[in-house]
Amino acid sequence: MKKIDYEKKIEIYNKVKEKVSVTYLSKLYGISRKNIYYTVKLIDKHGKEILQRNSNNKKYSTEFKENAIKRVLENHEPLKTVAIDIGLSSDGQLNRWVKIYKENGYNIVERKRGRSTMSKIVKKKENETPDEKIKRLEAENIYLKAELEYSKKLRAVVQARKNRQLKKK
């Protein structure tokens, strides 16, 4: 699948509006008919400037994602309709959000970008008040729970890979 720049998307949109066959355009530009239809609907809804606003590294807030996911899961709105309505560059993005949401036990988990910087366990101070001690222990507890969850998931991934390799043989 090719990435198409802004000018080509506008060109495709204009040709579709001129009644040029979507199948022909699909072959000509090397993109799927589904993507052409999606782009046309997106431009019809939001205008051509939506293509300029949608960049590859756009960051969406947790609330934005949660509202979109709830529209799909709770209101039973079609995924494509919601994706076009909120102006996503592709419906695959919303599909991925829903999938991750379900995998994480119906919780939104923000993916951290860049290097992982797990906070270290705060060392015990000599003159620690009871409130400070409780806060330190709570933070340590959260850290240890996260570390345990990570090791469980890592173990599950390794086991799944081993199982797949055994099935291939």
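The values are calculated or read from the model by the stated rules, or taken from the named source; none is laboratory data. Quantities reported herein were computed from a predicted structural model and do not represent experimental measurements. When we count neighbours, we look across all protein chains shown, and the Cβ atoms used for this are built from the backbone with ideal geometry, even at glycine.
Exactly one of (1) at pLDDT below 90; (2) surrounded by fewer than 16 Cβ atoms within 10 Å (Cβ to Cβ); (3) of a type in the set (Lys, Arg) is unmet by Lys9. Its number?
So Lys9 meets the others, but not (2).
What number of residues within the range 127-162 satisfy the criterion of being surrounded by 11 or more Cβ atoms within 10 Å (Cβ to Cβ) and either touching a strand residue (DSSP E or B) at 6+ places or on another chain (Cβ under 7 Å) or part of a loop (DSSP other than H, G, I, E, B) (or both)?
1
Looking at the range 70-110 only, could you name the residues that are in contact (Cβ under 8 Å) with a residue 24 or more places away in the chain and in a loop (DSSP other than H, G, I, E, B)?
Passing the criteria: Gly87, Leu88, Ser89, Ser90, Ile108, Glu110.
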